[in-house]
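The values are calculated or read from the model by the stated rules, or taken from the named source; none is laboratory data. As the structure is a computational prediction, the values presented were derived from the model and not from experiment. Neighbour counts are summed over all protein chains in view; Cβ atoms, including those assigned to glycine, are modelled from backbone coordinates with ideal geometry. Surface accessibility is based on the protein's heavy atoms, side chains included, excluding ligands, DNA and RNA. Shrake-Rupley method; radii C 1.70, N 1.55, O 1.52, S 1.80 Å.
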Amino acid sequence: MDGFNNTQISAAIVGEYYKKLTGSLQSDVIIVGAGPSGLVAAYDLTKAGLKVTIIEKRLSPGGGIWGGGIGMNEIVVQDHAVAILDEFGVRHKPGENALHTADAVELACGLCLKAIQAGAVMLNLMTVEDVCLSEGEVTGVVVNRSMISGALPVDPIMFSAGAVIDATGHEAVIVEAVRRRGLLKGTDADGRLEGPMDAAAGEAFVVERAGEVYPRLWVTGMSVCATFGGPRMGPIFGGMLLSGKRIAEMVAKSLK
Ligand code: 48F
C-alpha cells in the first residue's frame, strides 16, 4: 500500500497551484485567450525568454479549433503557414489549391502542449473581466474565476504585465474594455464591427493588422477583425497561426 492519505492529495494540488498562481501575478506578457493565435504567441514569447501567462475562461484551452467546421474536426491551413504545424509537431495532409488539412484535436493539443512545456503558465477557468490602466497605459487585467464571473457578487483579482495581448477571438474583450471608455476615439479601432465572410481577405487581415491598439495592449487573431472591422473567415487557420507569430515578434521587440 502506498503511504498517502486523502488530505495529502489535496495539499499537493493546492500547494502547486498556488505557486503557479502567485508566480503569474506579475508577468512580462499576459495573453488573454488560448485559441490558436494566443497559443502560438505564448510559445514564441516564452522561447524568446519572456515570462508568459495565458488566461483562458473555458475549461479546455484551444478556442475555436476543436470542432473544425460545423463539428467536423478537420481544419485547413494554407501552404505558407504549414511550417508552423511542423514546428508544433502537428501532422498535416496536402490537398488542392495549396490547402492542407490537419486533425483539429491534434492541433489543439499540439499547440497547448508545446506552449506549456516551453514554460508558459496556463490558467484556465479564469475569465478576464476588465483591463487595468495607469497613466495612459495598460498595466494588467482584472480576473475572476469563470464560475463566479457575472454569477456571484465576488470581487476579482488583478494580474500585472508589461504587455497584454487580446487573443479572445470574435469578442475582443480587452479592446472592448478600452473602447467602451472612449479611449480609442479618433483611431481606426473606434466603433468598428467585424465584417462578413471573406476567407482570403480575412486571413491576410489578421496578420497585417495585428499590432498595438493602445499603449501596451496588443491584438492578435480574430480579435484583429473585431477591432478593426476585418472580414471573418471560418475554419481556416493559417492566418491565426501567423498572426500569433507576428504579435510575438512585435511584443518581444517592444519589451527588449
Ligand atoms: O476564438 P479563438 O479560437 O481565437 P483566435 O485565436 O482564433 C479564431 C479561430 O478559432 C476561428 C477562426 C476564425 O473564424 O478561424 O474563430 O482568434 O479563441 C479565443 C479564446 O479566448 C477565450 C475563449 O474561451 C477562447 O478559448 N476567451 C474569450 N473571452 C475571454 C477568454 C475572457 N474574457 N477571458 C479569458 N478568455
* Before we move on, is residue 174 modelled with pLDDT of 95 or more and out of contact with any Asp or Glu (no Cβ under 9 Å at 6 or more places or on another chain)? -> no
* Taking the condition at negative phi, more than 10 Å from the ligand (Cβ to nearest atom) and in contact (Cβ under 8 Å) with a residue 12 or more places away in the chain, does residue 198 pass? -> yes
* **Where a residue in segment 55-66 is closer than 12 Å to residue 167 by Cα and more than 6 Å from the ligand (Cβ to nearest atom) and its partner, wherever it lies, is modelled with pLDDT under 95 and open to solvent by less than 20 Å² (accessible area, probe 1.4 Å), with Cβ under 7 Å and at least six apart** => none
* If you scan segment 1-50, which residues turn out to be among the aromatic types (Phe, Trp, Tyr) and open to solvent by 30 Å² or more (accessible area, probe 1.4 Å)? -> 4, 17, 18
* Asked: If residue 97 passes every condition in (1) farther than 15 Å from residue 65 by Cα; (2) over 20 Å from the mean Cα position of the chain (by Cα); (3) part of a strand (DSSP E or B) but one, which one does it miss?
  -> (3)
* Give me the pairs, please: first residue somewhere in segment 173-193 and open to solvent by less than 80 Å² (accessible area, probe 1.4 Å), second residue anywhere and within 16 Å of the ligand (Cβ to nearest atom) and among the polar types (S, T, N, Q), beta-carbon distance under 7 Å, and either six or more positions apart or on two chains. => 174/168; 175/223; 175/227; 189/227
* Asked: residue 130: over 21 Å from residue 66 (Cβ atoms) and without any contact (Cβ under 8 Å) to a residue 12 or more places away in the chain, yes or no?
  -> no
